[in-house]
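Quick note: the coordinates plus some simple rules give every number you see, no bench work behind them. Since the structure is predicted, the reported quantities are computational estimates derived from the model, not experimental observations. Positions of Cβ are backbone-derived with ideal geometry, glycine not excepted, and every protein chain shown enters the neighbour counts.
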Amino acid sequence: MTDPSGISSFSGASAAGAADACGPAATRGALPALSIIVPTFNERDNVGELISRLDRCLAGLDWEIVFVDDDSRDGTVDVLRRLSRTDQRVRLLHRIGRRGLASAVVEGILATTSPVVAVLDCDLQHDETLLPRMLERLLASRCDVVVASRYMQSGGVGDWNERRQFVSRIATGLAGLLLRAKLTDPMSGFFMIRRSAFDQAVRHLSNQGYKILLDILLSAPGGLRVEEVPYTFRSRTHGESKLDTVAVLDYLALLTDKAIGHVIPLRFLMFACVGALGLVIHLSVLASLNRGLGIAFVAANLTAALSAMTFNFFLNNVLTYRDMRLRGFWPILRGLVTFFAVCAIGTVANVGIAVVLFEQKYTWWLAGLAGVFMGAVWNYTATSIFTWRNTPPAERPEPAAADLLLQETAAPVPESSAAAPLQTAAPRQR
Ligand code: GDD
Ligand code: MN
């Protein structure tokens, strides 16, 4: 096989251990040297052009492309099916009832067996002509990951507006606080990684948000060796960006999980924050009804408690348990009733513990705090069993399009049209 890109192909030692399973003149059907993972959602007008461009810039290399589509509604899947029938390098992983850039990338990688994988957006914003150089760099330097960076000298963010540049800079700065390897663009969606390095990280991924590179870098126990190459982010000509402000929340969730997730589960932290907000609701309602309207304390307090619990239930449903969100009248009613029941027992436990400790001469605030903690742990554990966990999958309708990147952690078995055996990354329990 000729190699105009100047890469010494994948042959034994020159491939720095990455190519042990792959010969230089691999026949079709054998292991490709490079798998390119491309998440797609409504990219009908971009897929054909992307493949033609890869065809040109990767000439002489043995590669495959794995599109991971989350059931696009614009006909992307039909285009991909057609292309994969005529071009053996094109594979399609079609996921139904799922959304999420990061999980799409993870499952795309798991569906391949190549020693090296690249992750590339479908919308032609990433400069695919860099791929040969990235591969060369990966093999020559023995690093684990090569990242295409917008923030190196001679790189750039293209036509991004001030606001997006500002948000991206802040997010990059925050990531820098947690990263051991110092790199200019940990938020990049364009990178190449050795499969062996990905495998080190995969079982520790937070699966929060869409910043899969950052998740991988923060999840590999021994850390990964990273190098960067500059590129300029191009403008999109077809389709539109899928990332919205919800992605910012997901990003903060990822960082929080990576920073303290091993001490306090992220889900518990969210549950506790929602609980604290519920306390504010309770006191506000109580004050308005009792102080403001002169309603009897017992009635006002009961109304306040019911309001706070209802508020907490709905907020937990869209935030804390967004990946297993209850929808539809009956599931929500059942959820609400079990939530009320669990919280009622939690209140009894809370008060009980506090009274017992107070009687044992513990100071009032310590006794109170212990009660609140016990109540919170009970509520969290019991609602995760009775309110959200026991929802049969059949009762969870397909996520709405607006849920966008909120569905990262759900993991029903995806549908695959790819021939290779498929593993699914089960979300880590939080
Ligand atoms: N399967 C799947 N599921 N694909 C998705 C989803 C999803 O829920 N959401 C987006 N995609 C696909 C898009 O179709 C596109 O191919 C790619 O993921 C990137 O999505 P965009 O919506 O175009 O993202 P962006 O341009 O705003 O941001 C991208 O570039 C940044 C800079 O490199 C992303 O790659 C960011 O992660 C990255 O930081
Ligand atoms: Mn894009």
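Figures for the structure shown
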read-out	value
Region 266-395 - percent relative contact order, Cα under 8 Å, separation 6 or more	24 percent
Residues 268, 329, 297, 339 arranged by fewest to most Cβ contacts within 10 Å	329, 297, 268, 339
For 359, 136, 128, order by how many other beta-carbon atoms lie within 10 Å, fewest first	359, 136, 128
Alpha-carbon gyration tensor eigenvalues x 5, square-rooted, for region 288-367, Å	29, 20, 11
Rounded to whole Å, sorted largest first: equivalent-ellipsoid semi-axes of region 230-328, Cα gyration tensor	39, 17, 13
Förster-model FRET efficiency, 25 Å R0, residue 283 and residue 355, C-beta, rounded to 0.05	0.70
Normalised convex hull volume, region 160-258, alpha-carbon set, Å³ per residue	116 Å³
Potential lengthening between residue 160 and residue 248 on full extension [0.36 nm per residue; Cα-Cα distance subtracted]	30.0 nm
Qualifying lysines (Cα of each under 27 Å from Cα of residue 182; at least 8 residues distant if same chain)	211, 258
With eigenvalues of the C-alpha gyration tensor scaled by 5 and rooted, region 77-195, Å	27, 19, 15
Potential extension, residue 235-residue 268 segment - 0.36 nm per residue separation minus Cα distance	7.9 nm
Mean projected area (nm²) of the alpha-carbon convex hull when region 158-210 is viewed from all directions	4.7 nm²
